[in-house]
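The values are calculated or read from the model by the stated rules, or taken from the named source; none is laboratory data. Just so it is clear, the model here is predicted, and its values are computed rather than measured. Cβ atoms come from the backbone with ideal geometry, glycine included; neighbour counts cover every protein chain shown. The accessibility values were calculated without ligands, DNA or RNA, using every heavy atom of the protein model including side chains. Shrake-Rupley method; radii C 1.70, N 1.55, O 1.52, S 1.80 Å.
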Amino acid sequence: ILINETGTRLLDANLRWLGPIQYTPEEEAFARALQAASGVEARGMDAAIGALEGQEREGGSTDVGDVSWLTPTLHVSVATTPRGVPWHAWPVVAAGGTSIGHQGLVMAAKSLAATMVDLFDDPAARADAQRPAVPRERRTRMKASATRARRTQAEDRAGRERAAGKRAGIARSNDLAV
């Protein structure tokens, strides 16, 4: 995901304005139970709003990354599950279906909504946030490169299909010869 600096700073300011999520003792106990069941240190929820500068880049794959090369994109991450539990596994589903997940969802929605209000209210910030992270001429070159790659993939697929048809024809002719 290409970083939209203006949007990121507005999101950060709104997260700080809203403040960290306050978890109940029951939610903390549930989070620690999930962590213990997952074999990680049972520390409970981490509601801290990290410093904007010096954050470690998150990994993974998302279509939003592709979109961010074409249009300004905002991304916010909030706690919806205890830190350290395995993703794409039952502890994330278990936490997401509780008030822990609900509070994270509400925090993300509020921070994004507040950021949109800021962008509607401030024409200079809106213009800055709308500025693409990648210059148009570079996007055009990237698009042409992607088109060539798709064409090459299509040609490769067509070649494989011709070869498969040829093999099938050979197999049929062998059947006839038997």
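The set of residues in region 89-100 being under 17 Å from the mean Cα position of the chain (by Cα) and closer than 19 Å to residue 48 by Cβ is empty. The condition of being without any contact (Cβ under 8 Å) to a residue 12 or more places away in the chain, of a type in the set (A, V, I, L, M, F, W, C), within 19 Å of residue 15 (Cα to Cα) and surrounded by fewer than 17 Cβ atoms within 10 Å (Cβ to Cβ) does not hold for residue 48.
No other residue among 106, 93 is closer than 24 Å to residue 41 by Cβ, free of Cβ contacts under 8 Å to residues at least 12 places away in the same chain, aliphatic (A, V, I, L, M) and out of contact with any Cys (no Cβ under 9 Å at 6 or more places or on another chain) apart from 93.
Looking only at region 1-45, residues that are closer than 14 Å to residue 83 by Cα, surrounded by 13 or more Cβ atoms within 10 Å (Cβ to Cβ), in contact (Cβ under 8 Å) with a residue 24 or more places away in the chain and among the acidic types (Asp, Glu) come to 1 in all. Flag: residue 115 does not match the condition of being within 20 Å of residue 10 (Cα to Cα), open to solvent by less than 50 Å² (accessible area, probe 1.4 Å) and within 16 Å of the chain's Cα centre (by Cα).
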